[in-house]
1. On full extension of the chain, what length is gained from Glu193 through Leu116, given 0.36 nm per residue of separation minus the C-alpha to C-alpha distance?
2. Please report, in cubic angstrom per residue, the volume enclosed by the convex hull of the alpha-carbon atoms of the range 31-132.
3. Provide the gained length on full extension for the span Asn184 to Leu207, in nm with one decimal, where the gain is 0.36 nm per separating residue minus the Cα-Cα distance.
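Computed from the coordinates by the stated procedures, all read-outs in this text should not be read as laboratory data. Predicted, not measured: the structure shown is a model, and the values here were computed from it.
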Amino acid sequence: MPETTVTKMEPTPRIKKQSFSRVAIYSRVSTRSAAQLHSAAAQVSELTRFAASRNDWRLVDIYMDFESASGANTRGEFARMIDDAENGLIDIVLTKSVQRFGRNTEENLIIMRSLLKSGVVVYFQIEGYSSDMPEAELQTSLRSALAAADNASHREERMWGVRRKIEDGTSELYKRPCYGYKKNKDGVLIIDEDRAKIVRKIFKWYLSGKSIYGIKKS
């Protein structure tokens with residue numbers, strides 16, 4: 001009877017299922033002014049504490065853009081976040097609000113759908129909902145529209161204030177020294193006699209028919 005050979009089979013290791021979600025914070029402010037930088041730090045600090053309050057969340061990255069969403073062609077950190085999501089590096093994007101996330105309603109919805117296809121959920125902290133909820137797109141559409149209307153209203157108010165100050169002569173624009181003027185000790189514009197001589201010559205040359213190029217050569 002031939003000898004039987006017994007081959008010992010090693011048990012197949014079980015892959016431990018991930019017990020937490022990998023969370024990334026996205027923060028955006030319009031400029032790099034001191035006030036806006038403080039706002040960005042406050043956003044990230046608050047969102048970090050919010051993420052830490054969840055035992056099933058682990059913060060893995062922070063993305064911060066310092067530019068206006070409406071005026072920028074590209075947001076470098078936003079693009080990096082999208083790439084990381086598509087490459088399976090994050091599970092949840094935590095952001096302060098709808099207004100801080102995208103440029104407008106259309107972009108918000110497109111990005112939300114794209115991220116969901118990659119298995120990534122966007123959570124809006126102030127509004128308290130996530131992009132995988134049934135009413136998420138309706139909520140986002142309404143809140144994006146309200147934010148856009150609010151921004152337009154504030155912009156109109158600022159422009160009205162500028163126009164009003166120009167009309168009544170209190171605008172700081174009038175106090176900005178241009179060539180031929182300087183400020184006195186009280187901050188009032190006065191004629192700078194040394195440069196005023198050059199300004200008078202330029203006007204004289206222009207009125208005599210000289211071109212800008214001819215004046216520059218003179």
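1. Details: separation 77, 0.36 × 77 = 27.72 nm, distance 6.72 nm.
Stretched out fully, the Glu193 to Leu116 stretch lengthens by 21.0 nm.
2. On the way: hull volume 10.2 nm³, N = 102.
In the range 31-132, the Cα convex hull volume per residue is 100 Å³.
3. Values: separation 23, 0.36 × 23 = 8.28 nm, distance 3.05 nm.
The span from Asn184 to Leu207 would gain 5.2 nm if fully extended.
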